[in-house]
1. Considering only residues that are small (Gly, Ala, Ser) and touching a residue at least 12 places away in the same chain (Cβ under 8 Å), which ones fall in region 29-74?
2. Answer with yes or no whether Ser199 is without any contact (Cβ under 8 Å) to a residue 60 or more places away in the chain, surrounded by fewer than 14 Cβ atoms within 10 Å (Cβ to Cβ) and closer than 22 Å to Ile27 by Cβ.
3. State which residue is farthest from Val122 (Cα to Cα) when the search covers only region 23-45 and only residues that are part of a loop (DSSP other than H, G, I, E, B) and not β-branched (Val, Ile, Thr).
4. Which residue is surrounded by the most Cβ atoms within 10 Å (Cβ to Cβ), if the candidates are limited to region 6-22 and must be assigned to a strand (DSSP E or B) and touching a residue at least 60 places away in the same chain (Cβ under 8 Å)?
5. Test of understanding: among Thr142, Thr136, Thr179, which residue is hydroxyl-bearing (Ser, Thr, Tyr) and more than 17 Å from the chain's Cα centre (by Cα)?
6. Return the residue satisfying two criteria in turn: it lies in region 86-134 and is part of a strand (DSSP E or B) and in contact with a Leu (Cβ under 7 Å, 6 or more places away or on another chain), and of such residues it is surrounded by the most Cβ atoms within 10 Å (Cβ to Cβ).
7. Filter region 147-161 for residues that are modelled with pLDDT of 95 or more, of a type outside the set (Ser, Thr, Tyr) and under 17 Å from the mean Cα position of the chain (by Cα) and give the result.
8. Which of the residues spanning region 139-173 are crowded, with 17+ Cβ neighbours inside 10 Å and in a loop (DSSP other than H, G, I, E, B)?
Amino acid sequence: MSEARVGNSSQLQFCTETEQCLLFDRICETDKYEVRHYDSVKWVSTDETSLFMEIAAMRAFKRLFNYIAGANENGKKIKMTAPVLVKISEDKSFWQMGTYTLSFLLPSEDQTNPPKPNDNKVYIHRMADMKVYVQTYGGWMTSMSDKNKASSLSSALDLVGAEYNKGFHYAVGYNSPMTMFNRHNEVWFVVGDDPVCPSSEELES
């Protein structure tokens, strides 16, 4: 069941600011990235067009926060979870307007029948079961840091001939904007075929 994969935050060392987090199975890892498997779960999402991710995320975050604060058909307050995802098109150049999709993970108790959003710009959707290539980093998640890390991960994947969806990536955050230190961010590319995790010996041969 999807509910089983939205679990207690104590199960993830880097997801400590919410009661529930998106759980995963680690398939393999190298010194450059890891591969995870995520079950299909429901998210609440909204799209925002802007020049920069930071501006789009700020506007979209407010819209989604209103939903979990009670702007839904039941007036229900919904628990904040982690991570927060931002879907970013790989076709966008740095100085070009782009559409960003921000998503909050719905907690386990709202996975089956989440309340309908009042705002027509907010929608519920189920993300498919997926495997992702992951690279982590600290500090603040900005347009520049995300672009650099996405480039770093794609280069590492291209080097080993990994198949992945090159049309978009996810910028992934686990911390409140109020958290100043020990921040944990990630960049994800969706695996396109069988995951590739060569050992250091294989890379050197």
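The values are calculated or read from the model by the stated rules, or taken from the named source; none is laboratory data. The structure presented is a predicted model; accordingly, all values stated were derived computationally and were not measured. For neighbour counting, all protein chains shown are included, and Cβ atoms are generated from backbone atoms with ideal geometry for every residue, glycine included.
1. Once the filter is applied, which keeps residues that are small (Gly, Ala, Ser) and touching a residue at least 12 places away in the same chain (Cβ under 8 Å), region 29-74 yields Ser40, Ser45, Ser50, Ala56, Ala57, Ala60, Ala71.
2. The answer is no for Ser199.
3. Asp31
4. Start the filter on region 6-22 by keeping residues that are assigned to a strand (DSSP E or B), which leaves 6-8, 20-22.
Going one step further and asking which of them are touching a residue at least 60 places away in the same chain (Cβ under 8 Å), we end up with 6-7, 20-22.
Values: Val6: 22, Gly7: 16, Gln20: 20, Cys21: 24, Leu22: 22.
In this case the residue turns out to be Cys21.
5. After ruling out the rest, the residue left standing is Thr179.
6. In the first step, residues of region 86-134 are kept if they are part of a strand (DSSP E or B); the result is 86-89, 98-105, 117, 122-127, 130-134.
Narrowing further to those that are in contact with a Leu (Cβ under 7 Å, 6 or more places away or on another chain): 86, 102-105, 122, 133.
Details: Val86: 23, Leu102: 25, Ser103: 21, Phe104: 24, Leu105: 25, Val122: 20, Tyr133: 27.
Among residues in region 86-134 that are part of a strand (DSSP E or B) and in contact with a Leu (Cβ under 7 Å, 6 or more places away or on another chain), the one surrounded by the most Cβ atoms within 10 Å (Cβ to Cβ) is Tyr133.
7. Taking region 147-161 first, the residues modelled with pLDDT of 95 or more are 148-161.
When the remaining residues are screened for being of a type outside the set (Ser, Thr, Tyr), the result is 148-150, 153, 156-161.
Residues satisfying the conditions are Asn148, Lys149, Ala150, Leu153.
8. Within region 139-173, Met141, Ala162 qualify.
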